[in-house]
Structure formats: C-alpha cells, structure tokens
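No lab work stands behind these numbers, since they all come straight from the coordinates. From a predicted model like this one, the values you see are computed outputs, not experimental measurements. Using ideal geometry, Cβ is built from the backbone for each residue, glycine included, and neighbour counts are taken over all protein chains shown.
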Amino acid sequence: MHTVFSLRTGGPGLYEFTRTVSSWLREDGAGEGLLTLFVRHTSCSLLIQENADPDVQVDLKAFFERLVPNSNHPSMQYLIHTYEGPDDMPAHIKASLLPVSLSIPVVGGEMVLGTWQGIYLFEHRDRPHHRQVAAQFLTSAG
C-alpha cells in the first residue's frame, strides 16, 4: 500500500507528522512489515527525533542555521547558486547532510518507534512551502 502525505510548512523548522502516518497505517489495516517514507523535494529533510521537549527542535534548527547560514552571510560568499534566494543553496546543502528517506519497522499495525521518537519534516527554506512525502508499506513475507 502507498500514499502521499501533503504537509504545509511555515518556514524553517521541524514539523511533526507521526500521528498522520500512524492513522494511515491503522486505517489501511497494516500488519507487519516495513514503512518507507521519502520526501519529494531537494530543500527539506526527514528526521526521527525526540518529540517530548520542543527545545530539541529549536536547538536543531539553530544548529543547522549556524552550520550552514544563508548565502548572504560573509562565510558563504563562495556559493554560486544564489538566484533563487539566499536560503536556497543552504537548504540544498542541509538536505544533502540529512536523510531524505526513512525506513521504519511496523509490527501489529504500529510503527516501532521509541517512547520519545516522532517523525518530522525538517523545512530548510525561509518561506512557507507545500511538501509531499511519499509513503510505501510493504508487508512481511511469511
């Protein structure tokens, strides 16, 4: 079974969609197998990260903004791809450093995530975007 999740972002940050994925697995009667998620864009990423303390998401966003600042920052003057805005090429760099796909085991129709783990889309662009995450669930053979 497969679907595409549509997510709206409001700028840089982590957007949790664990419940959306869980609901889809339950509605379609998932049993045991492997869930694969793949983001269909080159300027955002997917993460499994802590969902208990929102400060984790704030700190991750701040770290990556410091690691790869916008192209108008003096340390990024070497960038050539700047015509789509100062946030575009840095977003591509961040997406190349972070996962764009995730594989999650599913047992009894439930994702086998840790107690404090959630699934996030990590938006790297400054303005709001409409993002798509393709999902495929393959059942276990035997």
Report task. Let me know the shape class of the range 35-90, please: from the alpha-carbon gyration tensor, a ≥ b ≥ c as square roots of the eigenvalues, rounded when a/c is under 1.5, otherwise prolate if a/b is greater than b/c, or oblate. Result -> oblate
Report task. Whole Å is fine, so just give me how far the alpha carbon centre of the range 1-49 lies from that of the range 90-141. Result -> 5 Å
Report task. Measure nothing but the geometry: give the 0 to 90° angle between the long axis through the Cα atoms of 18-27 and the longest principal axis through the Cα atoms of the chain, rounded to 10°. Result -> 30 degrees
Report summary line: trypsin sites (Lys or Arg not before Pro) in the range 31-69 lying in a DSSP loop, each with at most 12 other Cβ atoms within 10 Å of its Cβ, come to Arg40
Report task. Quick one: pull the percentage of alpha-carbon pairs in the range 73-116 with a separation above 16 Å. Result -> 58 percent
Report task. With a cut-off of at most 10 other beta carbons within 10 Å, and DSSP calling the residue loop, which chymotrypsin sites (Phe, Trp or Tyr not before Pro) in the range 52-98 qualify? Please list them. Result -> Tyr78, Tyr83
Query raised in the report: Considering only DSSP states other than H, G, I, E and B, which GluC sites (Glu not before Pro) in the range 49-88 qualify as loop sites with at most 16 other Cβ atoms within 10 Å?
Result: Glu84
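Report the equivalent ellipsoid semi-axes for the range 92-142 in whole Å, largest first, defined as the square roots of five times the eigenvalues of the gyration tensor built from alpha carbon atoms.
On the way: eigenvalues 146, 34, 25 Å².
Square roots of five times the eigenvalues give 27, 13, 11 Å.
What is the magnitude of the charge dipole of the chain about its Cα centre, with +1 placed on the Cβ of each Lys and Arg, -1 on the Cβ of each Asp and Glu, and no other charges, expressed in debye to the nearest 20?
Details: 10 positive and 15 negative charges, 60 e Å.
Using only the charged Cβ atoms, the result is roughly 300 debye.
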Query raised in the report: At 20 °C and 1.002 mPa s, what whole-number value in µm²/s does Stokes-Einstein give for the translational diffusion of the chain, with Rh from the Kirkwood sum over Cα pairs?
Result: 134 µm²/s
